[in-house]
Amino acid sequence: AALARALGRQLAALDPPAFDAATCGELGALVVLAGRRGAAAPWFPDDNEATNRFLTALATGRRTFGDTDALSPLKAAAAAGLSARRPTSDRAAIVDDMIRQGQIGAALMRAIALLAPGTEIDPGDLTDALYILRRAGRAEDARQIAAETLLLLPPA
């Protein structure tokens, strides 16, 4: 992520058609990690593949991710957390009440605690944390955290 941020402007200026599909995906992930999600969409092929559709939606800020059945459990959890209109669990409902009562800081601390495992996070915790962040007014942070959590996973 640090390398991506350091090279973000240069990466965003590259021309996707000059690279093969695998390289496009890797460079697109770096552009997303650099926080330049708006410039990342052209890097993901429009081939109707579930992961590419997901990454394009993540990069462009869409709140709908289409059919998530073909995604990994963690990607589906991120999509749920970034698109849910209602609390995603009893725990999220409790924090949602805290937010309504103006306890934003406490709610953010709950989200941070859920995110503590990083790429080892439980899918349900990721869904709840992203939902809480969005409800607390941190939607862009939620999207960036989802991107970093998913794109920094070790290769399977």
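The values are calculated or read from the model by the stated rules, or taken from the named source; none is laboratory data. None of the values given here were measured: they were computed from a predicted structure. Here Cβ is always computed from backbone atoms with ideal geometry, including for glycine, and neighbour counts include all displayed protein chains. With ligands, DNA and RNA removed, areas are computed over all heavy atoms of the protein, side chains included. Shrake-Rupley method; radii C 1.70, N 1.55, O 1.52, S 1.80 Å.
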Within the stretch 77-96, list the residues whose amide N lies under 12 Å from a label point set 7 Å along Cα→Cβ of A106. 94-96
Using only the Cα atoms of the chain, build the gyration tensor, take square roots of its eigenvalues as a ≥ b ≥ c, and label the shape rounded, prolate or oblate: rounded if a/c is under 1.5, else prolate if a/b is larger than b/c, else oblate. prolate
The stretch 81-120: trypsin sites (Lys or Arg not before Pro) in DSSP coil with no more than 14 other Cβ atoms inside 10 Å: R85
With everything on Cα atoms, drop me the angle between helix 90-100 and the longest principal axis of the chain, reported from 0 to 90° to the nearest 10. 80
Between L14, L27, L114, where does the largest GNM mean-square fluctuation fall for the chain, given springs only between Cα atoms within less than 10 Å? L14
Relative contact order (%) - the stretch 1-135, alpha-carbon pairs under 8 angstrom, separation at least six: 18
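Within the set of other residues whose C-beta is less than 15 Å from the C-beta of T127, count the net charge using Lys and Arg as +1 and Asp and Glu as -1.
Details: positive: R63, K75, R85, R86, R91, R110, R134, R135, R143; negative: D90, D96, D122, D125, D128.
So the environment of T127 carries a net charge of +4.
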By the Cα gyration tensor axes a ≥ b ≥ c (a/c under 1.5 gives rounded; else a/b larger than b/c gives prolate, otherwise oblate), the shape of the stretch 64-128 is oblate
Listed residues G105, A92, L130: farthest to the positive end of the dipole of the stretch 92-156 (Cβ charges): G105
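Just add up the charged neighbours of P117: K/R +1, D/E -1, any other residue whose Cβ is under 15 Å from the Cβ of P117.
With Lys, Arg at +1 and Asp, Glu at -1, the net is -4.
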Helix 21-33 against the longest principal axis of the chain: what's the angle in degrees, Cα atoms only, rounded to the nearest 10? 40
Give me the angle, in degrees from 0 to 90, between the Cα long axis of helix 139-151 and the longest principal axis of the Cα atoms of the chain, rounded to the nearest 10. 60
Write down the accessible area per residue of the chain in Å², having rolled a 1.4 Å probe over the full set of protein chains. 52
